[in-house]
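The block underneath contains the structure these notes are about, expressed in structure tokens.
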Amino acid sequence: MNLEKLQFRFAKTMPEIPHEYVVRTQDNESDYVELFETIVMLGVIETFKGRCYRYWYAGDGYKYWAMTTDIAQSQVINRARVASSRELSTGES
């Protein structure tokens with residue numbers, strides 16, 4: 001999977017929850033599906049605003065999640081920066 005090929009965009013309609021997203025297209029189908037499957041296989045379930053999501057921590061400073069668990073329905077994958085342990089302890093970002 002080549003995450004660099006997936007063109008993530010900032011979700012400007014939700015500035016209070018800073019994150020980026022990529023829309024599934026014919027051009028990125030292979031990498032999109034591979035990322036989706038990685039999230040399903042390696043992701044961990046966490047709760048956000050009372051709802052459970054499966055997040056995959058890629059080790060690149062981001063966590064990734066899809067809004068559905070069905071690849072046939074999936075059209076968007078999100079990612080958000082993961083605060084480092086230093087940022088968490090000092091409040092820096």
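The figures follow:
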{"item": "Calculated FRET efficiency for the pair Cys52/Gln26, C-beta based, R₀ 35 Å, to 0.05", "result": "0.70"}
{"item": "Among Ala66, Ala83, Ala11, residue whose mean-square fluctuation peaks in a GNM of the chain (springs only between Cα atoms under 10 Å)", "result": "Ala83"}
{"item": "Residue list for region 3-30, given a label point 7 angstrom along the Cα-to-Cβ vector of Leu42 and an amide N cut-off under 13 Å", "result": "3"}
{"item": "Top of Glu34, Glu20, Glu46 by mean-square fluctuation, Gaussian network on the chain, Cα under 10 Å", "result": "Glu46"}
{"item": "Per-residue ³J(HN,Hα) for region 47-58, Karplus 6.51 cos²θ - 1.76 cosθ + 1.60, θ = phi - 60°, Hz, x for Gly and Pro", "result": "9, 9, 6, x, 10, 8, 10, 9, 10, 10, 8, 7"}
{"item": "Fluctuation leader among Ile39, Ile71, Ile17 - the chain, Gaussian network, Cα springs under 10 angstrom", "result": "Ile17"}
{"item": "Environment charge of Leu42, counting only residues whose C-beta is closer than 14 Å and scoring Lys/Arg +1, Asp/Glu -1", "result": "-2"}
{"item": "Reported label for calculated P(r) over Cα pairs in 5 Å bins from 0, in percent given (1) 3, 13, 24, 25, 16, 10, 5, 3, 1, 0; (2) 3, 13, 22, 26, 20, 10, 4, 2, 0; (3) 2, 13, 22, 22, 15, 11, 7, 5, 2, 1, 0", "result": "(2)"}
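Read-outs: derived from the displayed coordinates by stated rules, not from any lab. All of these numbers come straight from a predicted model, not from anything done at the bench. Cβ coordinates were reconstructed from backbone atoms using ideal geometry, including for glycine residues, and neighbour counts include every protein chain displayed.
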